[in-house]
Amino acid sequence: MATKTSNGNCCSSCGQTNCNNLTCGCADHSLSTPCGYTGRDCKDGSHEKCEEVYCENCIANCESKLEFEISSTTSFTIEKGERLSATLQKLVQYVINPACVTSNNEILNIMPGTVDSTSVQITWDLVGTSNSASALQIRVKIPTAAGWGNITPTLPTTSTSYTVTGLLPNTEYMFSVLGVGTGCTSASIFVTTNP
């Protein structure tokens, strides 16, 4: 894994194609943050008290593609240019539902984008061409609620973002993306709307 300064743009030399909507640390100082980091883009003003901050959204595999053989017919692959955040989500998804990863039906790198008092934009990486989902379904719920609500309409598999509207101000929500017909979902992210 390697880092490369991008100032919000992509590290094309590592094969990276999706570097926007970075978390507050990355938005402040791109990939590497010195110990004088103020956390000015963090809404609550908090930040890590450490020597240096590396954002997993900003670290990509610049080496060649890595593949780990699971059986004679399945493998776990880390692509060249894949972000550490996507790799971590893929690893956890493999532990929970290995078939989603070994069948290339994973949905990776879900992150919050623009947030206001009644809407939240979520983004994710483009699903692979071998993903067998017929569409993507955005799911939302309040963390203490019993079940997920599905946002309609479904989205084409070429979609990489969606803005959920009609939310309550100053309320925490969970969001995930479901591959219709595969039963495979992204990780769930927690986002609080603005007051």
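Applying the set (1) open to solvent by 30 Å² or more (accessible area, probe 1.4 Å); (2) part of a strand (DSSP E or B); (3) touching a residue at least 60 places away in the same chain (Cβ under 8 Å) to Phe175 leaves exactly one unmet item: (1).
Once region 129-139 is narrowed to residues that are assigned to a loop (DSSP other than H, G, I, E, B) and closer than 11 Å to Gly179 by Cβ, the residue that is modelled with the lowest pLDDT is Asn131.
Could you please find all residues in region 140-156 being within 27 Å of Ile78 (Cβ to Cβ) and either modelled with pLDDT under 90 or open to solvent by less than 40 Å² (accessible area, probe 1.4 Å) (or both)? Residue satisfying the conditions is Leu155 alone.
The values are calculated or read from the model by the stated rules, or taken from the named source; none is laboratory data. What you see is a predicted model, and the numbers here were worked out from it, not measured in a lab. Please note: Cβ atoms are built from the backbone with ideal geometry, for glycine as well, and neighbour counts cover all protein chains shown. Surface accessibility is based on the protein's heavy atoms, side chains included, excluding ligands, DNA and RNA. Shrake-Rupley method; radii C 1.70, N 1.55, O 1.52, S 1.80 Å.
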